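A.B. asks: Handing you a structure now.
The values are calculated or read from the model by the stated rules, or taken from the named source; none is laboratory data. Because the structure is a prediction, the values reported are computed rather than measured. Heads up, the Cβs are rebuilt from the backbone with ideal geometry, glycines too, and the neighbour counts pull from every protein chain shown.
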Amino acid sequence: MESKTFADLGLSPKVQAAITAAGYVNPTPIQAAAIPVAVTGRDVLGIAQTGTGKTASFTLPMITRLETGRARARMPRSLILAPTRELAAQVAQSFEKYGINHKLSVALLIGGVSMDDQVKKLDRGVDVLIATPGRLLDHFGRGRVMLMGVEILVIDEADRMLDMGFIPDIEKICKLLPPRRQTLFFSATMPPEITRLVNQFLKDPVRIEVAKPATTAKTITQRFVYCQNGEDWAKREILRELIRDGNVKNAIIFCNRKRDVAVLYKSLTKHGFNAGALHGDMDQTSRMDTLDKFRNGEIMLLAASDVAARGLDIPDVSHVFNFDLPWAADDYVHRIGRTGRAGREGYSASLVSPDDLKFVADIEKVTGEAAVWLGDPPTDEDIAGAGKRRRGRGGRASSGRGASQGKSAKSRGAGGEHRAPESRATNGAQRRASTGTSDESAQKAQRQQAKPERQQKNGRPQSGAAQTPKPVRRQRAADSWTDEPKTPRREPAEERPSKDLRHKPQPASRSDERLGFAENVPAFMRRPVRPDKVRGRG
Ligand code: AMP
């Protein structure tokens, strides 16, 4: 497979100099495929997710193309539509980074911030207008911006726009634009509504699909913690313990609901953690302020709702915690994609209440990896019971084991890591196929057999358990979550799970050496574009 360099992509020398200054050595697959097409002015349909380098795949050719020509008052020359304020702000930052050798005028129209400066910029004329759809239509309605000068339109994260109900706005905006324009359209998935939009508004696009990084970066060590007492207070206690023991440099902690973000933030602060909160109800200034503080290390822990999960480029997150398991498996991938970026080691731990167990199988399907549990994994009864529970807060009855559950992650058994049976990622039939037995009771017996193993000092599985889910062999490594805790444990020695609750790296799954990209490129960005997925006419 040919490997392109940035010099082969048709970018201007000034843009190439900016790329060198950014420290990029090689283009990512989406960049290698999309940039040569985009610089010629053709439409592009890019099927790619955040983390693949897609932002540069449209900003770099745009800057090259905008080198010629001048902006006119209130008539932006290019328009980028993004689903969220944060993503829009981040795209604006990309223009700063890649446009260091240019004098491009960039305006940002997003909700929640004072617009005076941006409107002044628009009045003077901008090369690039980055906007969320609603805010743009608002300004258009007031006559502050005219769209007939737009030469290049970018729609970023179209499927996210669909989720957020923006498609009618997008259609309206597309109809206001000149038909002779270039459209660069990006979406991680292609549901029918998005395909319809593409057919309606793109002309003869070159379709570029990068191998799905559905899965999570190989540099992320993912762990799950079963919280049999699924009450929030119990989960918060377990979370605190994971944070304390995890050598956390900084972390994002995701909650499913805005109000839980606020509660968690308060609780963390009360317990002496340096924390901030980020959710959709905050005004834009406080959101940006919090994000800046998190980026520059003033805040160590960020309690966040999913608004923070997509698109944000916070390069140095050492850990992601899911206080709640997300309801959509894709959100899980997006959330934990905040760590393990740019080839760094990352860690994620997801708290799983009995109510949340039903989401684990979906996550396993999407990531293609069986869940590895810290501490006691859920039993088959727990899993069977999960299907019967209703989603919701109330009624989380804790069973007999619950008492110890609430106390501590450590005290929930001698721990160790437990890889979920293959079966949980699939269905019952596959379960039988993978375990070689159709007998549920045999599995239970094997599980029983496996339990004392966990209480052994070194927690190693015994070889006889070949057909059962195996606890992962514990390893010592220079890894933050394998370090000894700083405080001595009070448990009796034989129950001491101190090392068991740390995250362990999985060297076997780290296979990034063979892919000749820059060292700082995440492994999942290094996957080649499948040639059959790069299509185009002419
Ligand atoms: P994106 O998918 O656009 O959100 O980009 C993900 C991350 O990859 C960002 O931190 C970019 O700065 C970084 N990145 C983009 N292109 C490259 C490249 N060619 N080499 C190294 N890092 C890159």
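A.B. asks: Checking Glu171 against (1) without any contact (Cβ under 8 Å) to a residue 12 or more places away in the chain; (2) of a type in the set (Asp, Glu); (3) within 27 Å of Gln49 (Cα to Cα): exactly one of these is not met. Which one?
C.D. replies: The single condition Glu171 does not satisfy is (1).
A.B. asks: Working only within the range 274-304, note down all residues that are crowded, with 20+ Cβ neighbours inside 10 Å and of a type outside the set (A, V, I, L, M).
C.D. replies: Correct list: Gly276, His279, Arg287, Thr290, Phe294.
A.B. asks: Additional query: Hey, could you check the range 322-332 for residues that are at pLDDT below 85 and out of contact with any Asp or Glu (no Cβ under 7 Å at 6 or more places or on another chain) and say which is nearest to the ligand (Cβ to nearest atom)? Before the answer, list the steps.
C.D. replies: Step one: of the range 322-332, the residues at pLDDT below 85 are 327-331.
Next, only the ones that are out of contact with any Asp or Glu (no Cβ under 7 Å at 6 or more places or on another chain) stay: 327-328, 330.
Values: Trp327: 24, Ala328: 20, Asp330: 15 Å.
Residue satisfying both the conditions and the ranking: Asp330.
A.B. asks: What is the one condition in (1) free of Cβ contacts under 8 Å to residues at least 60 places away in the same chain; (2) crowded, with 19+ Cβ neighbours inside 10 Å that Leu153 does not satisfy?
C.D. replies: Condition not satisfied by Leu153: (1).
A.B. asks: On to the next question. Has the range 64-81 got any residue that is touching a residue at least 60 places away in the same chain (Cβ under 8 Å), buried (at least 19 other Cβ atoms within 10 Å of the Cβ) and of a type in the set (S, T, N, Q)?
C.D. replies: Yes, some residue in the range 64-81 is touching a residue at least 60 places away in the same chain (Cβ under 8 Å), buried (at least 19 other Cβ atoms within 10 Å of the Cβ) and of a type in the set (S, T, N, Q).
A.B. asks: Quick one: in the range 333-378, which of the residues that are at positive phi and not in a loop (DSSP other than H, G, I, E, B) is nearest to the ligand (Cβ to nearest atom)? It would help to see each step written out before you state the result.
C.D. replies: Start the filter on the range 333-378 by keeping residues that are at positive phi, which leaves 340, 342-343, 368, 375.
Filter again for not in a loop (DSSP other than H, G, I, E, B), leaving 342-343.
On the way: Ala342: 6, Gly343: 9 Å.
Step by step, filter the range 333-378, then rank; the result is Ala342.
A.B. asks: Does Arg181 satisfy being in the same structural domain as Ala131 (by TED's automatic domain parsing), under 28 Å from Asp127 (Cβ atoms) and basic (Lys, Arg)?
C.D. replies: Numbers: in the same structural domain as Ala131 (by TED's automatic domain parsing): yes; under 28 Å from Asp127 (Cβ atoms): yes; basic (Lys, Arg): yes.
Answer is yes for this residue.
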